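Below you'll find the structure, written out as structure tokens, and then a few comments.
The values are calculated or read from the model by the stated rules, or taken from the named source; none is laboratory data. If you're wondering where the values come from, they're calculated on a predicted model, not measured in any experiment. So basically every Cβ, Gly included, is an ideal-geometry build from the backbone, and we count neighbours across all protein chains shown. Remember, those area values only see protein heavy atoms, side chains included, never the ligands or the DNA or RNA. Shrake-Rupley method; radii C 1.70, N 1.55, O 1.52, S 1.80 Å.
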Amino acid sequence: MPVSNILDTAKTKMEKTKDVLRADLMAIRAGRANPQLLDRITVDYYGTPTPLKNVANISAPEPRVLQINPWDPKMVKDISKAILASDLGLTPSNDGKVIRLMLPELTAERRKELTKIVRKTSEESKVAIRSIRRDAVDQVKKLKKNSEITEDDQKKAEDDIQKLTDAAIKDIDRINADKEKEIMEVR
């Protein structure tokens with residue numbers, strides 16, 4: 001495997017790690033209604049666990065309200081149960097056709113808890129990035145051991161891998177800071 005493939009693979013994995021972090025942080029509510037809060041909720045749809053967004057239209061008609069319009073009105077009870085069973089801590093109200101979720105105002109204490117969760121999630125992403133770096137460096141060392149590349153090529157590849165790692169960690173720090181700012185912002 002050439003060094004360029006190792007670098008490309010590492011870069012792709014690091015990008016995926018950042019994408020997963022963004023998705024995880026999107027699920028943390030920052031005080032305003034966002035339909036992506038419900039992305040992780042699955043509903044039992046005729047015996048099959050199905051993502052909520054595949055069985056209903058989700059909108060935010062007001063800053064603190066999420067509205068769920070199931071395509072099949074019989075799904076209202078199942079969707080309500082799934083929301084109650086989730087870790088969102090929201091209580092759905094429905095009129096038999098539409099489900100509404102009222103998002104409470106975040107307290108200062110809750111904001112601090114959420115920033116701790118964001119930091120922990122970001123740190124887990126950094127650990128994943130470092131693991132990707134370690135695997136890539138191991139692959140380069142293996143190429144050197146098998147005499148497939150020179151020592152200079154090994155050093156250059158390791159430097160390139162470190163640059164990718166530094167850039168990815170910097171991006172994670174920026175994503176983290178943006179989310180913390182969003183959470184601490186009082187509306």
**Fill in**
In this structure, the FRET efficiency calculated for residue 71 and residue 105 from their beta-carbon separation, with R0 = 30 Å, to the nearest 0.05, is 0.45
**Asked** Got a sec? What order do 64, 111, 134, 100 fall in by accessible area at 1.4 Å, biggest, i.e. largest, first?
**Response** 134, 100, 64, 111
**Request:** Could you tally the net charge around residue 45, taking each other residue with its Cβ under 11 Å from the Cβ of residue 45, Lys/Arg +1 and Asp/Glu -1?
**Result:** -2
**Asked** So what does residue 143 come to for accessible area, using a 1.4 Å probe and Å² rounded to 10?
**Response** 20 Å²
**Asked** When the chain is fully extended, how far beyond the present Cα-Cα distance does residue 163 get from residue 12, taking 0.36 nm per residue of separation?
**Response** 52.9 nm
**Request:** Would you check the accessible area of residue 20, probe 1.4 Å, heavy atoms only, in square angstrom rounded to 10?
**Result:** 80 Å²
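Count charges around residue 175 for me, please; just the other residues with Cβ under 9 Å from its Cβ, Lys/Arg as +1, Asp/Glu as -1.
So the environment of residue 175 carries a net charge of +1.
Express in nm, to one decimal, how much length is gained between residue 94 and residue 64 on full extension, taking 0.36 nm for each residue of separation and deducting their alpha carbon distance.
9.2 nm
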**Request:** Would you please give the residues with an amide H less than 5 Å from that of residue 45, counting only those at least 5 places away or on a separate chain, with H modeled from the backbone geometry?
**Result:** 50
**Item:** Mean Cα-pair separation over length for the chain, i.e. relative contact order, pairs under 8 Å, 6 or more apart, %
**Value:** 25 percent
**Fill in**
When every protein chain stays in place and a 1.4 Å probe is rolled, 79, 132 sorted by accessible area with the largest first are 132, 79
**Request:** Quote the accessible area belonging to residue 131 in square angstrom, nearest 10, computed with a 1.4 Å probe and with ligands, DNA and RNA left uncounted.
**Result:** 40 Å²
**Request:** Note the full-extension length gain between residue 20 and residue 184 as 0.36 nm times their separation in residues minus their Cα-Cα distance, in nm to one decimal.
**Result:** 56.8 nm
**Request:** Output ³J(HN,Hα) for segment 95-106: one whole-Hz value per residue in order, computed from phi by the Karplus curve 6.51 cos²θ - 1.76 cosθ + 1.60 with θ = phi - 60°, and x for Gly and Pro.
**Result:** 10, x, 10, 10, 10, 10, 10, 8, 8, x, 5, 7
**Asked** Say the cut-off is 30 Å between C-alpha atoms; which of 142/179; 116/155; 16/144; 16/74 go over it?
**Response** 142/179; 116/155; 16/74
**Item:** Mean ellipticity per residue at 222 nm, deg cm²/dmol - from DSSP H runs of n ≥ 4 across the chain, formula -39500 (n - 2.57)
**Value:** -20000 deg cm²/dmol
